Every structure is written in structure tokens, then in C-alpha cells.
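Heads up, the thing below is written out as C-alpha cells.
What follows is calculated from the coordinates using simple rules that are stated; it is not laboratory data. Quick caveat, the model's predicted, so the values are computed rather than measured. When we count neighbours, we look across all protein chains shown, and the Cβ atoms used for this are built from the backbone with ideal geometry, even at glycine.
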Amino acid sequence: MEKPRSGRAALDLGYRMSEGDSVGDSVHGKPSVVYRFFTRLGQIYQSWLDKSTPYTAVRWVVTLGLSFVYMIRVYLLQGWYIVTYALGIYHLNLFIAFLSPKVDPSLMEDSDDGPSLPTKQNEEFRPFIRRLPEFKFWHAATKGILVAMACTFFEAFNVPVFWPILVMYFIMLFCITMKRQIKHMIKYRYIPFTHGKRTYKGKEDAGKTFAS
């Protein structure tokens, strides 16, 4: 009859089993290497985004340059008009979100809770908070251009269409959307830009100490 194992032997067996599990994980853990690679790649990408945050003008110049390259490519290829139309609609939605306040004033008309937009000149200064911040607007717009550029390399996205109709539809949609947005701005009396807090000068002798 086999004798029961001692406590030390049981601990040694458990240690060897746990060590074997860790070795097995390292041998069969190929997905973890892929995960670490993409995690590192995401960290590098986020680091570059963080470094580009203060360079607003440079970021938008690069984006406009990408747009120009994309338009030249579409013109030379004479196709992919549906992709271009979808990109224009996407950018229009981003632009409207950029011009809109984070909290819709129409929802705050009958409520005193939460911040609201200033409607009088002598009211307390409240900066305009956008629904879509400038950096997110730029990031999404740039990604949209890159995705559209990638689509032009696949013939499946080249749907034949009469492009002047798409241009007419887009112009009509742009005018209707901007007219509605401007009416909303006039009705609730806000401007989608913050000019800075007004400061007041004191008297010239303010802050002077009197000699005793």
C-alpha cells in the first residue's frame, strides 16, 4: 500500500507542475507575441499623436496635402466617385459635429441643470465646448482620407456612376445642412469659437503701496 506523500513532497510536486505550466505557456504562447507586437505598435502610434497635438497648423497642412493627392489620384484614375462622395459626406458630418456645442441648447431650454451657453454680453464667461474637439476632428478626417485612398487600390469599390449627380447631391446636402446649423446658431445665440475671456484694467495707482 502506497504511503501518503509528505507535505514537502507535495509542495515540490506543485512547484514542478506550475513551472511546467509556465514553460508550456512560453512554448505555446505565440499569440501573446503578436499581442505584444500590436500593443507596442499602438503605443508608438499614440506617442506620435501626442507629440503632434500642439502643432495644429502643421497637422492640417498635412491633411490638406493628403486630400490634394487623393483628388489628383481620383482625377487621373477617372473612377471611385462613390468612395469620394462617401468621404465628402463623412467629412461634412465631422464638420457639423465640430461646429455644434457638446450640450444641445434646445435640451437645456426648460432646465436649469448643467452648463449653458452665454446669451448676454455681461454674463459669466463660459468657453465654447465642442461636441467634437479639434484634435479628434483632424484625426478622424485624416483617417478617412487614408481609408479612401486605400479603397482606390481595389476595383470592387469602383462602382460606375454618373459623377455630376453625386456632385449636385453633395452641394444640395451641404447647403441644407449648413443652413440648418446657422439657424441653430442664430436661434440660441452662440458662436462656435472662443475668443478668450474679457479682462478689465484697474486704476493706474491700483496695487501701489503707500509709504508711511
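Structure notes:
- The residues packed around residue 173, meaning those with a beta-carbon under 12 Å from its beta-carbon, carry a net charge of +2 if Lys and Arg are +1 and Asp and Glu are -1.
- Modelled this way, with points 7 Å down the Cα-to-C-beta line, the labels at residue 162 and residue 89 are 1.9 nm from one another.
- Under 5 Å between amide hydrogens, built in the peptide plane, is the criterion, and for residue 130 it picks out 102 among residues at least 5 positions away or on other chains.
- Given their separation in residues at 0.36 nm each and the Cα-Cα distance between them, residue 52 and residue 155 gain 33.7 nm when the chain is fully extended.
- What the phi angles of the range 73-80 give under the Karplus curve with 6.51, -1.76 and 1.60, with θ = phi - 60°, is a coupling list of 5, 5, 5, 6, 7, 6, x, 6 Hz, glycine and proline written as x.
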